[in-house]
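The values are calculated or read from the model by the stated rules, or taken from the named source; none is laboratory data. Because the structure is a prediction, the values reported are computed rather than measured. So basically every Cβ, Gly included, is an ideal-geometry build from the backbone, and we count neighbours across all protein chains shown.
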Amino acid sequence: MGAIAPTAIPSTQPLLKAHSLSKSFGGIKAVDRAEIEVHPGSITGLIGPNGAGKTTLFNLLSNFLRPDSGRVMFNGAAIEHLQPHEIAQRGLVRTFQVARVLSKLSVMENMLLAAQNQSGEKFWNVWLNPQRTLQQERQQRELASEILTSVGLFHMAQSYAGSLSGGQRKLLEIARAMMVQPQLVLLDEPAAGVNPTLINQIGDHIRRWNQSGVTFLIIEHNMDVVMSLCDRVWVLAEGRNLASGKPSEVQQNPLVLEAYLGQ
């Protein structure tokens, strides 16, 4: 795929850091003073039992929900006051547990809609600088074609996104996130509802993108995926931090076994 510049932040400093995040719904604390750090170049996992607050935490990190309290720092700057599209423009994008695609647009059109800072979005540029607009459109179409080829969806580029299988929609949503050329991608259960062959393919794509400089934070219930992909794992239970560490350490943690694995 197209070049994605690795972050220049020193590896000792978190790329994303949340401090004391809380969110309540009708008196129920979905997230309770949660902390998380994601370091540049890592694949970090976020696990926990159903109802632990993982997706709510993702919504807070990407500001699809405003926190009741706490801070979110990305690239050393606070982002909890920004709109989701402003956060995406800074290089932090997210996917959803149920893949969100524009079903009545083609796969290619879904990809192109994610492209950032297009001169053709400003009406006068179409008239005053048409060559630049056309060149930019060609470049974005080439990038989209390259990414779709890398995930095995290029042959469906002109098909309606609504005709894709559930697993293919997941791939399209992740591929569309790559169009932003992000620094950090929040993946919400990329393996959920996906057949084992496609799960392996998604894992391979995540590793390759990570090697090209993209950092990932992944919610996932499939422990095989977590163990094979993640450098570090954070565990939530009842909206609170329960444990964090290397996957092998977390897997053997008695508190995690009790809360997450039911042992």
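Among residues that are touching an Asp or Glu at 6+ places or on another chain (Cβ under 8 Å) and crowded, with 22+ Cβ neighbours inside 10 Å, ALA191 is included. Mind checking whether some residue in segment 38-45 is assigned to a loop (DSSP other than H, G, I, E, B), among the β-branched types (Val, Ile, Thr) and either at pLDDT below 95 or over 26 Å from THR149 (Cβ atoms) (or both)? Scanning segment 38-45 turns up no residue that is assigned to a loop (DSSP other than H, G, I, E, B), among the β-branched types (Val, Ile, Thr) and either at pLDDT below 95 or over 26 Å from THR149 (Cβ atoms) (or both).
Screening segment 145-169 for residues that are part of a helix (DSSP H, G or I) and touching a strand residue (DSSP E or B) at 6+ places or on another chain (Cβ under 9 Å) and picking the one that is nearest to LEU57 (Cα to Cα) gives ALA161.
Going by what's in this entry, would SER69 be described as closer than 24 Å to VAL194 by Cβ, at pLDDT 90 or above, among the small types (Gly, Ala, Ser) and exposed (fewer than 15 other Cβ atoms within 10 Å of the Cβ)? Talk me through it step by step, then tell me what you get.
Values: closer than 24 Å to VAL194 by Cβ: no; at pLDDT 90 or above: yes; among the small types (Gly, Ala, Ser): yes; exposed (fewer than 15 other Cβ atoms within 10 Å of the Cβ): yes.
No, not satisfied.
All told, LEU261 meets the bar of being aliphatic (A, V, I, L, M), closer than 25 Å to VAL31 by Cα, part of a loop (DSSP other than H, G, I, E, B) and modelled with pLDDT under 90. Filtered by the rule that a residue be touching an Asp or Glu at 6+ places or on another chain (Cβ under 6 Å) and either free of Cβ contacts under 8 Å to residues at least 60 places away in the same chain or among the aliphatic types (A, V, I, L, M) (or both), segment 194-240 gives ILE219, VAL226. For segment 92-113, filtered to residues that are surrounded by fewer than 20 Cβ atoms within 10 Å (Cβ to Cβ) and not aliphatic (A, V, I, L, M), the residue that is nearest to GLN135 (Cα to Cα) is GLU109.
For the condition in contact with a helix residue (DSSP H, G or I) (Cβ under 8 Å, 6 or more places away or on another chain), modelled with pLDDT of 90 or more and of a type outside the set (Gly, Ala, Ser), ILE87 does not qualify.
Just to check your reading of the model, which residue among GLU220, GLU258, GLU249 is surrounded by 17 or more Cβ atoms within 10 Å (Cβ to Cβ) and charged (D, E, K, R)? Write out each step before concluding.
Details: GLU258 fails: surrounded by 17 or more Cβ atoms within 10 Å (Cβ to Cβ); GLU249 fails: surrounded by 17 or more Cβ atoms within 10 Å (Cβ to Cβ).
Going through GLU220, GLU258, GLU249 in turn, the sole match is GLU220.
If the condition is being out of contact with any strand residue (DSSP E or B) (no Cβ under 9 Å at 6 or more places or on another chain), among the acidic types (Asp, Glu) and at pLDDT 90 or above, then segment 196-246 contributes only ASP204.
Does segment 144-163 hold any residues that are touching a residue at least 60 places away in the same chain (Cβ under 8 Å), over 19 Å from the mean Cα position of the chain (by Cα) and either within 11 Å of MET111 (Cβ to Cβ) or surrounded by 14 or more Cβ atoms within 10 Å (Cβ to Cβ) (or both), and which are they? I'd like the intermediate steps shown before the answer.
Pass one, segment 144-163, residues touching a residue at least 60 places away in the same chain (Cβ under 8 Å): 146-147, 150, 161-162.
Remaining after also requiring over 19 Å from the mean Cα position of the chain (by Cα): 146, 161-162.
Passing the criteria: GLU146, ALA161.
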